[in-house]
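The values are calculated or read from the model by the stated rules, or taken from the named source; none is laboratory data. This is a predicted model, so every value here is computed, not measured. Counting neighbours? That spans all protein chains shown, and the Cβs are built from the backbone with ideal geometry, glycine included. In case anyone asks, the SASA skips ligands and DNA or RNA and just uses the protein heavy atoms, side chains included. Shrake-Rupley method; radii C 1.70, N 1.55, O 1.52, S 1.80 Å.
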Amino acid sequence: LPVSSASGNGTDFITALFTATTSLCVTGLVVVPTYAYWSIFGKVIILILIQLGGLGIISFTIGFLIIIGKKISLKERKMIQESYNLDSAQGVLKILRKIFGITLKIEGIGAILYSIQFIPEYGIVKGICYSVFHSVSAFCNAGIDIIGNDSLVKYHGNVLVNFTTVMLIICGGIGFIVWLDIGGIISEIRNKKLSPNKFIERMKLHTKLVLITTAILVGGGFLFILLFEYNNPETLAYMDGGEKVLNSFFSAVTPRTAGFNSISTSGMTGAGKFLTMILMIIGGSPGSTAGGIKTTTVGVLILTVICVIKRREDTEVFSKKISKDLVYKAFTLFFIGSG
């Protein structure tokens, strides 16, 4: 609509379609500067689409049906189960409410942390709006910002903005299945049904695989980006030691499909760009707000290769066997994604 643009003029169909698609699919790609082209109304529409895309259309639709009091059928429960890769369709509505609750809490905390920087810089109203928008965009791994043409480059030395963005991206990228599992274990410990010493042992195999793979990807990505870009005058060379570490870490996290950048992506070395592409292909974890072929897919593939080298018939990890169906799915996803 004309009211969506800052100029008040109508937007051509292709630009409008592209913006709606990139917002809903949380890709972070834009053909017009979001901060300048769109009006407040237009930015609100983009924000809503990002939130819808991050949590999933199915979840929001069924959540709306719950609010209006409609009975949810078994078919719709199955859709939620498949959407979040849950073990069964039993109790999915309760899980859906928990997912919405987790999202609001994390995005709320992110908005509060952002506001510490944005309110003094932009004023109360604009600062709050900026804080909410970027908190949702970061948690949903969308990477769309309303600050300027250079994403978060102007904040490359700001620990608060960088840390908040990174934590939101990771929280959204590890997946709701992991959060639900960890939350359930913490609840058992609080109710004295489980010893704190059993915390890791009680974790599901999925949770362990996601956390370990994520830590390796982020840690390895951080070290290699720091190495590749350390003396690059277009990225890290002009920064001090602390800023180099901060921005290398940020650049290792954001390729989860988040799309933000605190250093010039076009100015990165060939090795840095190649590593970024690999991290983008992998993306986040199942049942998360991020895209990609998923961390568990890569984890299963690596474990399978290790087991083949050790001449084991089955893929095993943490004394548990991964079914051949999952291994086949992992290889299928990898080759489809690589193609």
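Among the residues of the stretch 239-256, what is the count of those that are β-branched (Val, Ile, Thr) and crowded, with 18+ Cβ neighbours inside 10 Å?
Of the residues in that region, 2 qualify.
Based on this model, can you work out whether Gly291 counts as in a loop (DSSP other than H, G, I, E, B), at pLDDT below 85 and under 17 Å from Ala215 (Cα atoms)?
Considered against the rule, which asks whether it is in a loop (DSSP other than H, G, I, E, B), at pLDDT below 85 and under 17 Å from Ala215 (Cα atoms), Gly291 comes out as no.
Would you pick out the residues in the stretch 148-162 that are in a loop (DSSP other than H, G, I, E, B) and either at pLDDT below 90 or under 20 Å from Arg256 (Cα atoms) (or both)?
Result: Gly148, Asn149, Asp150, Ser151, Leu152, His156, Gly157.
Starting from residues that are surrounded by 11 or more Cβ atoms within 10 Å (Cβ to Cβ) and among the charged types (D, E, K, R), keep the ones in the stretch 300-315 and report whichever is nearest to Thr207 (Cα to Cα).
Asp314
Give the residue, chosen from Leu104, Leu113, that is in contact (Cβ under 8 Å) with a residue 24 or more places away in the chain, in a helix (DSSP H, G or I) and open to solvent by 20 Å² or more (accessible area, probe 1.4 Å).
Leu113
Going residue by residue through the stretch 219-226, is there one that turns out to be assigned to a helix (DSSP H, G or I), open to solvent by less than 10 Å² (accessible area, probe 1.4 Å), over 22 Å from Val178 (Cβ atoms) and of a type in the set (Val, Ile, Thr)?
Checking the stretch 219-226: at least one residue is assigned to a helix (DSSP H, G or I), open to solvent by less than 10 Å² (accessible area, probe 1.4 Å), over 22 Å from Val178 (Cβ atoms) and of a type in the set (Val, Ile, Thr).
Are any of the residues in the stretch 273-289 farther than 19 Å from Ile174 by Cα, open to solvent by less than 10 Å² (accessible area, probe 1.4 Å) and not basic (Lys, Arg)?
Scanning the stretch 273-289 turns up no residue that is farther than 19 Å from Ile174 by Cα, open to solvent by less than 10 Å² (accessible area, probe 1.4 Å) and not basic (Lys, Arg).
Take the stretch 171-214 and flag every residue that is among the polar types (S, T, N, Q), surrounded by fewer than 15 Cβ atoms within 10 Å (Cβ to Cβ) and assigned to a helix (DSSP H, G or I).
The answer is Ser187, Asn197.
Going by the conditions given, is Ile50 in contact with a Cys (Cβ under 6 Å, 6 or more places away or on another chain), more than 28 Å from Lys329 (Cα to Cα) and touching a residue at least 40 places away in the same chain (Cβ under 8 Å)?
When the stated conditions are applied, Ile50 passes them.
Of a type in the set (A, V, I, L, M, F, W, C), over 25 Å from Ile57 (Cβ atoms) and assigned to a helix (DSSP H, G or I): is that true of Phe118 in this structure?
Taking the combined requirement at face value, the residue satisfies it.
Contact list please: Cβ distance under 8 Å, first residue in the stretch 180-203 and among the acidic types (Asp, Glu), second residue open to solvent by less than 40 Å² (accessible area, probe 1.4 Å) and not in a helix (DSSP H, G or I), pairs at least six apart or on different chains.
Here the result reads Asp181/Met203; Glu188/Leu194, each pair linking the stretch 180-203 to a residue that is open to solvent by less than 40 Å² (accessible area, probe 1.4 Å) and not in a helix (DSSP H, G or I).
Looking at the structure I just gave you, is His206 more than 19 Å from the chain's Cα centre (by Cα), modelled with pLDDT under 90 and not hydroxyl-bearing (Ser, Thr, Tyr)?
no
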